[in-house]
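The values are calculated or read from the model by the stated rules, or taken from the named source; none is laboratory data. For clarity, every value in this text was computed on a predicted model and none was experimentally measured. Positions of Cβ are backbone-derived with ideal geometry, glycine not excepted, and every protein chain shown enters the neighbour counts. We work out accessible area using only protein heavy atoms, side chains counted, and drop any ligands, DNA or RNA first. Shrake-Rupley method; radii C 1.70, N 1.55, O 1.52, S 1.80 Å.
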Amino acid sequence: QVQLVESGGGLVQPGGSLRLSCATSGIAFNFAAMGWYRQAPGKQRDLVASITSGGSTNYVESVKGRFTISRDNAKKTVYLQMNNLKSEDTAVYSCNARIDVLGYWGQGTQVTVSS
């Protein structure tokens, strides 16, 4: 059974930091491309950051220099370090695992940036 479980979301003030985690099970994590997506109310779900099985990373322009995606293959976990958070970062953040044509999603974790 494939499971992706996100954690680390919450309420933070503008300028603050959060670290999201996505723990996986039931997949060959070492071979998976991992991504973090977010969906704000009334908007579509968009890719925020991704990391390949080889460790190459990619970021949407709006988070470059503030967010860092990383992976720990031994723990089968992907992380998203988010610094200097802004109100526009408020959204439900979900992780995605992709192996060949198969994709899997977690349930999401809420991130709210507000004073």
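Checked against the criteria, residue 4 counts as buried (at least 16 other Cβ atoms within 10 Å of the Cβ) and either part of a loop (DSSP other than H, G, I, E, B) or touching a Phe, Trp or Tyr at 6+ places or on another chain (Cβ under 8 Å) (or both).
For the range 43-53, the candidate set comprises residues that are within 13 Å of residue 70 (Cβ to Cβ) and under 9 Å from the mean Cα position of the chain (by Cα); within that set, the residue that is least open to solvent (accessible area, probe 1.4 Å) is 49. Selection of the range 29-42 for residues being closer than 11 Å to residue 108 by Cα and open to solvent by less than 60 Å² (accessible area, probe 1.4 Å) yields 36, 37, 38. Filtering the range 12-28 to residues that are part of a loop (DSSP other than H, G, I, E, B) and either among the β-branched types (Val, Ile, Thr) or closer than 17 Å to residue 107 by Cα (or both) leaves 26, 27. Scan (1) of a type outside the set (Phe, Trp, Tyr); (2) buried (at least 18 other Cβ atoms within 10 Å of the Cβ); (3) without any contact (Cβ under 8 Å) to a residue 12 or more places away in the chain for the single condition residue 102 breaks and write down its number. Residue 102 satisfies all of (1) of a type outside the set (Phe, Trp, Tyr); (2) buried (at least 18 other Cβ atoms within 10 Å of the Cβ); (3) without any contact (Cβ under 8 Å) to a residue 12 or more places away in the chain except (2).
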